[in-house]
Structures are given as C-alpha cells and as structure tokens.
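Written below as structure tokens is the structure these notes are about.
The values are calculated or read from the model by the stated rules, or taken from the named source; none is laboratory data. Just so it is clear, the model here is predicted, and its values are computed rather than measured. FYI the Cβ positions are ideal-geometry reconstructions off the backbone, even for glycines, and counts take in every protein chain you see.
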Amino acid sequence: MSKAVHQEPVAAKPRAARSRNWPLYLMPIVRQYQMPMAVAAICTFLSAVLAVIKPWPLKVVIDLVLSGRHHHTRAPIIGHWLNHGGLTRMQILNWACVAALCIAAAAGTLAYISARIMGEVGQKVIFQLRQDLFAHLQRLSLRFHDSHRTGDLLTRLTSDIQAVQDAIATGLISLLSNTAMLVGMIGMMFWLDWRFAIAATLIVPLLAIAVYRSSTLIKSASRRARQSDGLLASVAQETLASIRIVQGLSQEDRQEQLFRIQGQNSLNAYLDTNRFQAELAPAVDILAAVGLVIVMRYGTVRALSGALTTGDVVLFFAYVTGLYRPLRQLARMSLIANKAVIGLERVAAVLDETPEVHDRADAIVAPRFDGTIEFRNVSFEYVTGRPILNDISLKIPAGQQVAIVGSTGAGKSTLASLIPRLYDANLGTVLIDGQDIRTFQVQSVREQVALVLQDALLFSGTLRENITFGCSTAKEEEIELAARTANIWDFICSLPDGLDTHVAERGASLSGGQKQRIAIARAVLRNAAILILDEPTSGLDTLSEMLVMEALQRASSGRTTIMIAHRLTTTRFADLVLVMENGMVVESGSPDELLRQKGMYARLYELQQSNLQRDYVPSAATA
C-alpha cells in the first residue's frame with residue numbers, strides 16, 4: 001500500500017540514531033577473509049620493519065666510510081661482521097648501497113601486496129554488508145518505512161557503507177604499519193642509547209594527547225555531517241521524485257531553499273571537521289620541532305663526548321623525524337576511522353530493527369488458497385491509543401468480489417493491508433481458508449495475493465520486465481494473455497519495440513490509464529487466488545476508467561477480489577459492498593440492497609451522482 005493511504009502512521013517511539021552493536025554485523029563478514037587479511041598483516045608488518053632499518057645503511061656509511069672509524073659502529077646482527085670483517089671502505093659502501101636498494105625494493109613489494117589484498121577484501125566485505133542491509137530493508141515492516149525518510153536510508157546504503165570500505169582498504173593497513181613503525185623506532189632508539197631515547201621521546205605523550213583530543217572532536221563533527229548528509233539526500237530524493245508537482249505548483253524556490261538550509265548544516269559540520277583536522281597539523285609540527293631540537297642539542301653533546309658516533313646521531317635524527325610522521329598519519333587516519341565507525345553505527349541501527357511482521361518458529365508454507373477470507377474481532381492501531389480498526393468481524397467467500405467504501409481515514413486500506421500481512425492485527429485473527437495467516441510463512445502468503453494500487457508503480461526497464469515483475473518465469477503466451485486481459489495488448493503492439501519498449505522511471509512516459517492497465521496485467525500474470533485493488537481508477541478520465549474497469553472485471557473473474565473504491569460507480573459489479581466509518585463496518589450488502597436501505601452508502605452515492613450531474617450540465621453556449 002502506498003504511504004498516502006495508511007491513516008498517517010507514526011512510529012511508536014523513535015529509536016536511537018546510531019547503534020553500538022556494529023561489530024556484531026561486521027565481524028562475521030570479516031572473519032570470512034581472515035587468511036588473506038593475515039597475509040596482508042604480515043606483509044604490512046615486514047614492510048614496517050624494513051622502514052625501521054631503512055636509515056641503517058646511511059649510518060654505516062657515515063661511521064665506517066666517511067669518518068674512517070672502521071671498527072666502531074653499532075648495528076644489530078651484522079655489527080661484528082662490519083667491525084671485524086676486514087672489509088675496505090669501498091666494499092662497505094657497495095654493500096650499503098646494495099642493502100639500501102634491496103630494502104626499498106622489498107618494502108615496496110610488500111606494501112603493494114598488502115594494499116592489493118586489503119583493497120580486494122574491503123570491496124568484498126562492503127559488497128556483502130550492502131547486500132545484507134538492502135535485503136534487511138526490504139523485509140522491514142511498513143511501519144518502519146513509514147517513519148523513515150527514503151533519502152536517509154539511501155545514504156546509509158551508499159555513503160555510510162563506502163566509508164567502511166575506505167577504512168578497511170586503507171585504514172587497517174595504515175594503523176598496523178604506523179603502529180609497527182612507532183614501536184620499532186622507539187625500540188631501536190632505546191637499544192642504541194636509552195638516555196638519548198628518553199630525551200627524544202619526551203614529546204610523545206603530548207602528541208598522543210593532542211591526537212586523542214582532535215580525534216574526539218573530529219568524530220563528533222563527522223557524526224553530525226553524516227546525519228546532515230542523510231537529510232540532504234532525503235530533500236533531494238523527495239523533490240526529484242515529485243518533480244511534476246514541484247514544477248506544477250511553481251515551488252522550485254521553496255525546495256531550493258530547503259535544500260540550501262540542509263546543505264548549509266552539512267557544510268558547517270564538514271567545516272568543523274576540516275578545522276579540527278587542520279588544528280592538529282601545526283600542533284604536531286611544533287611538538288616535532290621541539291623533539292628535533294632536543295635531539296640536536298643532546299645528541300651533539302653526546303657525540304662530542306664520544307658516547308655516540310656521528311652515525312648514531314644521524315640515525316636518531318632520522319627516527320625522530322620518522323617518529324612524528326606515523327603519528328601524523330595516525331591522526332589523519334582517525335578521520336577515516338571515525339567516518340567508518342559512524343557509518344557502521346548508522347547501518348547497524350537499521351540492522352538492529354526487527355521486522356514486526358515475521359515468520360513464527362513453527363510457520364509452514366501456505367497451501368494453494370481457495371480465497372475465503374475471514375476477519376475475527378480484528379482491531380489495529382498504528383499508535384497506541386489511536387485505533388484504526390475496531391473489532392471487525394466478517395467473512396468473504398472464495399471468488400466473491402467485495403468493494404470497501406467509506407470516508408477518508410475510515411480504515412479501508414488498513415483492512416486490506418492485513419490480508420497479505422503488510423501489517424499484523426493487534427487484536428483478533430485474519431484467516432484464509434479457515435487458517436490463521438500467521439501460521440503460514442509470510443512470503444508464501446504474499447505470493448498468493450496480487451496488488452493493484454492507486455499509484456501504479458512501474459520500474460525503470462522494459463514493459464516485459466514490469467509485467468513479469470511478480471512472475472519472472474512467465475512464458476510469452478502467458479504475458480500476452482495477461483496483457484489482453486488487462487486491455488493493454490493493443491497499445492503494446494502499437495509500439496515499435498513492443499514488450500521490449502523501455503519505460504521511464506515510475507512510468508513517467510505513460511498515461512495514468514496505461515500504467516494502471518500494465519499493473520493489472522502484472523497482477524493477472526501472478527494467477528493469485530486473492531486480488532486487492534486499492535482505488536485503481538482514482539484520477540483517471542472517463543475513457544481510461546472504462547478501459548481499466550473492463551480489465552478489472554476480467555482480472556477478478558474466479559478470484560476473491562477486494563476493491564477499495566472512492567468512486568461508487570465502480571462498485572456496481574461487486575457482489576458485496578462494505579461501508580466503513582471510524583474503523584468499523586457500518587453497512588454491508590449488495591449495491592442495490594444498500595441503495596434501498598437509504599443509509600450511508602445511499603447518501604454517498606447520491607452525493608457523487610449530484611456532483612457528476614453538476615459537472616456535466618451543458619453551458620448556454622452549447623445548449
């Protein structure tokens with residue numbers, strides 16, 4: 001059912017905008033790729049180790065080649081060989097050059113492997129997460145969709161999940177690599193000279209505090225930015241989906257203003273994110289400069305006293321410079337990580353939602369229905385304390401054509417919505433062929449119910465794809481028979497591409513009557529035992545209404561048909577008319593019986609007839 005006929009449903013209580021349960025949804029997917037991720041982690045770790053030893057060839061050259069002190073340099077594992085191996089200066093220089101090239105080549109290869117693996121893993125994880133979210137969205141109850149904006153849900157399905165992909169593909173590599181480099185550099189400095197290492201790392205706690213503070217502010221601003229993006233997408237989606245009414249009522253400026261206001265909120269949030277990020281860079285640079293000054297002053301004094309070699313001081317310089325670079329990278333990575341966490345929170349908030357209409361543990365597949373429908377003491381409310389249906393009891397025999405009429409808000413569409421379990425009754429029972437429909441699996445019930453709505457929803461694609469939407473395995477002759485039954489076959493044959501003619505989004509390239517008859521063909525092709533028609537002729541001209549009614553008569557033959565009627569002239573073919581008011585059935589009977597009773601149906605009928613006569617009174621010029 002379209003949202004326009006749900007009696008202004010309101011969510012009982014809005015849920016939190018985000019969920020802390022996101023690891024529950026991401027971890028099972030990530031575990032499927034733990035082996036390639038382990039390989040990537042090993043490659044990243046080894047690459048970080050090579051980055052730590054990258055300055056050592058230069059230290060060896062300074063100590064043993066440039067300074068001429070052949071037997072005085074400290075190096076792990078190969079130090080004794082360098083100092084006592086009898087190598088000449090040129091041999092040491094050549095070996096140092098080869099080592100530098102090998103280290104660079106190995107580090108580059110390992111970095112390529114890890115980036116390639118994590119890029120593929122990120123794409124596959126996001127593919128699965130997006131599929132899970134889309135599948136879950138389709139199965140959430142209409143009450144959820146009635147209370148959430150489509151644009152915001154689309155943002156969660158696209159941008160929020162893309163932020164997760166960025167974090168997996170690049171963030172995890174950056175985190176492991178830079179953490180390993182930090183630990184390795186600090187470990188090497190303490191191995192060389194613990195006093196010098198303490199002096200060089202005095203600034204690290206201050207840097208950690210600055211990074212943590214910035215990360216917290218960036219996360220808060222990023223969350224506001226993602227929420228604003230969702231609302232911005234909602235405004236755009238609603239405007240473009242209703243572009244005809246926007247242009248028809250000349251409301252472009254109004255919608256542009258709404259878009260501008262929401263866009264400004266999004267802009268402000270992103271500007272805050274950028275400002276917090278920008279503030280971190282100079283803080284890190286200043287603290288890094290302080291660290292370099294300490295190394296320069298303390299290292300020179302230690303070198304002059306003979307406690308350290310020149311190569312040791314140069315190595316400390318390289319490490320201190322490299323020490324702050326991973327810290328800055330980790331600070332930048334915090335933005336990617338925060339976006340991913342916020343995106344996952346928003347995705348998990350949807351995945352946390354439980355469909356109100358779901359299969360019981362002991363639900364069975366529904367058998368082929370005959371189509372007898374019964375409501376036993378059925379009551380329903382969207383919001384507690386605001387009943388829409390009140391203790392309705394009625395029985396519709398199989399194959400009968402029933403029209404439901406009444407004023408707006410009487411509960412007509414809600415009553416029909418309970419049959420395919422778009423909603424479940426709060427009280428009472430809905431039965432088909434004598435069985436409570438809640439004992440059947442939801443999908444098996446809906447497969448035997450065909451819908452034709454007031455707004456004939458068509459999808460982008462061909463006419464064939466739209467007609468076979470509910471029955472993709474239909475044969476050509478079955479499609480033709482359904483189209484003929486729906487009074488649309490002649491029109492299809494008049495098109496150059498016939499059934500392969502492409503339809504614009506929402507059927508914008510077709511008239512209202514053509515769209516409605518295609519929807520009827522789609523319903524006929526399902527060959528369902530129950531047919532629900534929700535004001536199928538609303539908004540159609542007289543000729544289109546006549547064609548649609550002829551099609552509906554043929555389509556409803558042999559099926560239990562429930563037609564929600566606004567124009568009472570469309571009820572003349574019904575076996576039974578139900579008149580609803582305030583969520584109750586106040587009259588029932590055949591059209592002729594109700595006219596003779598002079599009740600509510602008769603009054604509505606006479607009122608519509610008088611309006612029609614008034615509209616068609618000939619003017620003086622044509623009399």
Take the residues in the range 22-61 that are among the small types (G, A, S) and under 32 Å from the mean Cα position of the chain (by Cα), then tell me which one is surrounded by the fewest Cβ atoms within 10 Å (Cβ to Cβ).
A38
Exactly one condition in (1) under 41 Å from the mean Cα position of the chain (by Cα); (2) in a loop (DSSP other than H, G, I, E, B) is not met by L133; state its number.
(2)
Residues to consider are A366, A331, A340; find the one that is at negative phi, modelled with pLDDT of 80 or more, crowded, with 17+ Cβ neighbours inside 10 Å and part of a helix (DSSP H, G or I).
A340
Single unsatisfied condition, V378 versus (1) surrounded by fewer than 20 Cβ atoms within 10 Å (Cβ to Cβ); (2) not in a helix (DSSP H, G or I)
(1)
The correct count of residues that are within 51 Å of the chain's Cα centre (by Cα), more than 13 Å from A200 (Cα to Cα) and not basic (K, R) in the range 289-332 is 5
Does the range 222-253 hold any residues that are modelled with pLDDT under 70 and not aliphatic (A, V, I, L, M), and which are they?
S242, R244, Q247, G248, S250
Could you list all residues from the range 581-601 that are out of contact with any Leu (no Cβ under 7 Å at 6 or more places or on another chain), under 20 Å from G409 (Cα atoms) and not in a helix (DSSP H, G or I)?
E581, N582, M584, V586, G599
Hey, D436 out of contact with any helix residue (DSSP H, G or I) (no Cβ under 8 Å at 6 or more places or on another chain) and of a type in the set (D, E, K, R) or not:
yes
Output for Cβ contacts, cut-off 7 Å, separation at least six or different chains, first residue over 13 Å from S114 (Cα atoms) in the range 172-184, second among the polar types (S, T, N, Q), reads N178/Q329
Residue among S544, S590, S557, S511 that alone is free of Cβ contacts under 8 Å to residues at least 12 places away in the same chain and of a type in the set (S, T, N, Q):
S557
Is the range 447-462 home to any residue that is surrounded by fewer than 16 Cβ atoms within 10 Å (Cβ to Cβ), more than 25 Å from M563 (Cα to Cα) and in contact with a Ser or Thr (Cβ under 8 Å, 6 or more places away or on another chain)?
no
Which pairs have Cβ atoms under 6 Å, sit 6 or more apart or on different chains, and link a residue in the range 95-119 that is in contact (Cβ under 8 Å) with a residue 12 or more places away in the chain to one that is part of a helix (DSSP H, G or I) and among the small types (G, A, S)?
A107/S47; L110/S47; A111/S47; S114/A40; I117/A40; M118/A40; M118/A169; G119/A169
